[in-house]
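Notes follow once the structure below has been shown.
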Amino acid sequence: MTPTRVDVFRIPTRISFGRGVALTLATPLQQVSAKRVLLVTDKGVRGAGLVAPIEQRLRDAGFAFEVYDEVVPDPGVGEVQRCYERAREFGADAFVAVGGGSPIDTAKMAATLLTNGGTVLDYIGIDKVPKAAAPVVAIPTTAGTGAEITINSVIADPAQHKKLVIISPNATALFALEDPEMTRTCPPFVTAITGMDTLVHAIESFVCKNAYPMTQALCLDAIRGVGRSLVAAVK
């Protein structure tokens, strides 16, 4: 019998959720035997004081690390290349990404280049990344993008005036530390738009042609969660 449809549920990322879980980042780094870590973020997140506790934990655990806080919204080819070059010059063997979708995607793409070489344009499309990226521990500071657990990375290409996507299980974060405390300092507007982003993603996934019971159960729970919590979170 030839199957007419096969549903596959796969999340390469190990997800840990709970208050204070961001401060356990040394554990996943030790699990992959990391020694030198590039901490990827942006100046806004760093200025909000969210990076300092992460730096202290890395310091306490004895990791050599360097902070790369030059990520910009919707990073392009050049921005990702600079992050990769900083990692290579530092001799990084792992990444910690703290921030929203832009820092996390930048770290994922730089980690991909660290093990595969080339430029991000070599891997645009589906399943174009031959080797697993260097380990990435993602610590999101907003809700909505899901960059910490998806196999997608989005990059802006000003030359073509469009966004390009790398889609590969080899180009994802290995660990996601989902800590509600990391979102508490978000301005109300950012909380509102990222919360709506969560809602839209959940609805879109629920009604898409490839939806099936397992994915729809997760979508419904997300929709209910936004309905219960978003207004209070914004206020």
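Evaluate segment 15-28: report whether one residue or more is under 21 Å from Pro187 (Cβ atoms), without any contact (Cβ under 8 Å) to a residue 40 or more places away in the chain and not polar (S, T, N, Q).
Of all residues in segment 15-28, those under 21 Å from Pro187 (Cβ atoms) come to 19, 22.
Keeping just the survivors that are without any contact (Cβ under 8 Å) to a residue 40 or more places away in the chain gives none.
Checked segment 15-28: no residue is under 21 Å from Pro187 (Cβ atoms), without any contact (Cβ under 8 Å) to a residue 40 or more places away in the chain and not polar (S, T, N, Q).
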Only one of Leu114, Leu121 is in the same structural domain as Gly78 (by TED's automatic domain parsing), under 26 Å from Val45 (Cβ atoms) and not in a loop (DSSP other than H, G, I, E, B); which?
Leu114
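Show me the strands (runs of 3 or more DSSP E) entirely contained within segment 132-201 in which 1 or more residues are of a type in the set (Val, Ile, Thr).
On the way: elements: 136-140, 152-157, 162-167, 175-178.
Once the strands (runs of 3 or more DSSP E) in segment 132-201 are filtered for at least 1 residues that are of a type in the set (Val, Ile, Thr), what remains is 136-140, 152-157, 162-167.
Within segment 85-92, is there a residue that is in a helix (DSSP H, G or I), of a type in the set (Lys, Arg) and within 17 Å of the chain's Cα centre (by Cα)? Steps first, please.
Going through segment 85-92, the residues in a helix (DSSP H, G or I) turn out to be 85-90.
Filter once more, keeping what is of a type in the set (Lys, Arg): 86, 88.
Adding the requirement that they be within 17 Å of the chain's Cα centre (by Cα) leaves none.
Scanning segment 85-92, I find no residue that is in a helix (DSSP H, G or I), of a type in the set (Lys, Arg) and within 17 Å of the chain's Cα centre (by Cα), so the answer is no.
State whether the residues of segment 117-126 include one that is out of contact with any strand residue (DSSP E or B) (no Cβ under 6 Å at 6 or more places or on another chain) and surrounded by 21 or more Cβ atoms within 10 Å (Cβ to Cβ). Spell out the reasoning first.
Just the residues of segment 117-126 that are out of contact with any strand residue (DSSP E or B) (no Cβ under 6 Å at 6 or more places or on another chain), to begin with: 117-119, 121-122, 125.
The next check asks that each one be surrounded by 21 or more Cβ atoms within 10 Å (Cβ to Cβ); those that pass are none.
Looking through segment 117-126, none of the residues is out of contact with any strand residue (DSSP E or B) (no Cβ under 6 Å at 6 or more places or on another chain) and surrounded by 21 or more Cβ atoms within 10 Å (Cβ to Cβ).
Can you confirm whether segment 29-38 contains a residue that is out of contact with any Lys or Arg (no Cβ under 8 Å at 6 or more places or on another chain), modelled with pLDDT under 95 and not in a helix (DSSP H, G or I)? So that I can check it myself, show each step before the final result.
Applying the first criterion (out of contact with any Lys or Arg (no Cβ under 8 Å at 6 or more places or on another chain)) to segment 29-38 yields 29-37.
Subsequent filtering for residues that are modelled with pLDDT under 95 retains none.
Within segment 29-38, none of the residues are out of contact with any Lys or Arg (no Cβ under 8 Å at 6 or more places or on another chain), modelled with pLDDT under 95 and not in a helix (DSSP H, G or I).
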Listed residues Asp105, Asp60; which is touching a strand residue (DSSP E or B) at 6+ places or on another chain (Cβ under 6 Å), of a type in the set (D, E, K, R), in contact (Cβ under 8 Å) with a residue 12 or more places away in the chain and assigned by TED's automatic domain parsing to the domain that holds Ala173?
Asp105
Search result, residues across segment 1-28 that are part of a helix (DSSP H, G or I) and either under 20 Å from Ala132 (Cβ atoms) or out of contact with any helix residue (DSSP H, G or I) (no Cβ under 7 Å at 6 or more places or on another chain) (or both):
Val21, Thr24, Thr27, Pro28
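What about Gly49, is it under 18 Å from the mean Cα position of the chain (by Cα), loosely packed, with under 14 Cβ neighbours inside 10 Å and within 18 Å of Pro140 (Cβ to Cβ)?
Details: under 18 Å from the mean Cα position of the chain (by Cα): no; loosely packed, with under 14 Cβ neighbours inside 10 Å: yes; within 18 Å of Pro140 (Cβ to Cβ): yes.
Considered against the rule, which asks whether it is under 18 Å from the mean Cα position of the chain (by Cα), loosely packed, with under 14 Cβ neighbours inside 10 Å and within 18 Å of Pro140 (Cβ to Cβ), Gly49 comes out as no.
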In segment 39-66, which residue that is out of contact with any Ser or Thr (no Cβ under 9 Å at 6 or more places or on another chain), assigned to a strand (DSSP E or B) and aliphatic (A, V, I, L, M) is farthest from Val96 (Cα to Cα)?
Ala64
Any hit, segment 96-117, residues being of a type in the set (Val, Ile, Thr), out of contact with any helix residue (DSSP H, G or I) (no Cβ under 7 Å at 6 or more places or on another chain), modelled with pLDDT of 95 or more and under 24 Å from Gly146 (Cα atoms):
yes
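For (1) over 25 Å from Arg10 (Cα atoms); (2) in contact with a Ser or Thr (Cβ under 8 Å, 6 or more places away or on another chain); (3) touching a residue at least 60 places away in the same chain (Cβ under 8 Å), each residue gets a yes or a no:
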site: Asn152; (1), (2), (3): no, no, no
site: Ala156; (1), (2), (3): yes, no, yes
site: Cys186; (1), (2), (3): yes, yes, no
site: Val190; (1), (2), (3): yes, yes, no
site: Ile203; (1), (2), (3): no, no, no
Since Ile166 meets every condition but one in (1) closer than 26 Å to Leu58 by Cα; (2) in contact with a helix residue (DSSP H, G or I) (Cβ under 6 Å, 6 or more places away or on another chain), which condition does it not meet?
(1)
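The values are calculated or read from the model by the stated rules, or taken from the named source; none is laboratory data. All figures in this text were calculated on a predicted structure; none of them were measured in a lab. Here Cβ is always computed from backbone atoms with ideal geometry, including for glycine, and neighbour counts include all displayed protein chains.
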